[in-house]
Structures are given as structure tokens and as C-alpha cells.
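Here's the structure we're looking at; comments come further down.
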Amino acid sequence: MRHKGMTATFVALALALQGTAWAQQPAPPEPQANVETGKAIFTADGCFECHGRAGQGSRTTGPALARTQLPMDAFIEQLRHPSNEMPPYEPGVVSNQDAADIYAFLQSLPPAKNPKDIPLLNQ
């Protein structure tokens, strides 16, 4: 009797540890992103028309995208299902690899300057 109880406890413990090991497996790597390809797609697909060539955005056309704080999966979700007047970019138009390249380009852009640090704006 005691032997069966110990075996069941051991099996349960082994399965729990195995589940923990599976949970700790790293996520599959993101596709390799290319900044230059992302810049070319950003330009060719007209993203710059609303978001600016440097991803600076505008109140009237589209939000700033340079150094976006969105994680890549949220960026792709917004790309596929935009919340405002932006057209949706389905995978047949902008693949996940293209989106990763665009994201890499946007992350490579320099951060916006603080308006207080621009002398011309503070005269």
C-alpha cells in the first residue's frame, strides 16, 4: 500500500517537473529583421505619407512611429486591424517578415528631440 502511494507521488512530482521544464522552453526566435529592407518597404508602401519619413507622425495624418513602445506583436496587430483611418495591411500585402523589417527600421530611428531642447522653439 505504502509503495503504491509513494509511486503515485513520485509520478505526479515527475510530471509537474517535466511540465515546468516545458514551460521554460524559449519561445521560437523572431524572424531576422533588416533595417534597410524595412526602410524601403516603409517608403514603397507609402507609410511615410502619413507617418513621416522619420516616423515622426503628425496630429492630422498619423501617430509617431519612431521608436514605438508597442511590442512587435501589437505593432503587427495594429497594422492588420488599424483603429483609425489607416487601411488594413493584410499578410498578402505586408508579410510578417515585411512587418518585422518595418518595425526594425522604426526602432532604428533616433528618438525625437524634446521641444525644450530646440533653441528656435524657445525664443
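The values are calculated or read from the model by the stated rules, or taken from the named source; none is laboratory data. These numbers come from a predicted model, not from an experiment. All Cβ positions, glycine included, derive from the backbone under ideal geometry; neighbour counts span all protein chains shown.
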Exercise. For region 37-47, name all the residues that are free of Cβ contacts under 8 Å to residues at least 60 places away in the same chain and either assigned to a loop (DSSP other than H, G, I, E, B) or surrounded by fewer than 17 Cβ atoms within 10 Å (Cβ to Cβ) (or both).
Key: ALA40, THR43, ALA44, ASP45, GLY46
Quiz prompt | Looking only at region 58-99, and only at residues there that are in contact with a His (Cβ under 8 Å, 6 or more places away or on another chain) and within 21 Å of GLU36 (Cα to Cα), the one that is surrounded by the most Cβ atoms within 10 Å (Cβ to Cβ) | solution = LEU65
Practice problem: Determine the pairs where a residue that is farther than 16 Å from GLY46 by Cβ, located within region 56-73, has a partner that is assigned to a loop (DSSP other than H, G, I, E, B) and among the acidic types (Asp, Glu) with Cβ atoms under 9 Å apart, the partner being 6 or more residues away or on another chain. | Solution: MET72/GLU30
Exercise. Output the residues belonging to region 93-116 that are under 14 Å from ASP45 (Cα atoms), outside any helix (DSSP H, G or I) and of a type in the set (A, V, I, L, M).
Key: VAL93, VAL94
Quiz item: What about GLN56, is it modelled with pLDDT of 95 or more and polar (S, T, N, Q)?
Solution: no
Self-check item: Filter result for the condition that a residue is without any contact (Cβ under 8 Å) to a residue 40 or more places away in the chain and of a type in the set (A, V, I, L, M, F, W, C), over LEU106, LEU79
Solution: LEU79
Quiz item: Taking region 48-80, which residues are of a type in the set (S, T, N, Q), closer than 19 Å to LYS113 by Cβ and not in a strand (DSSP E or B)?
Solution: GLN56, THR68, GLN69
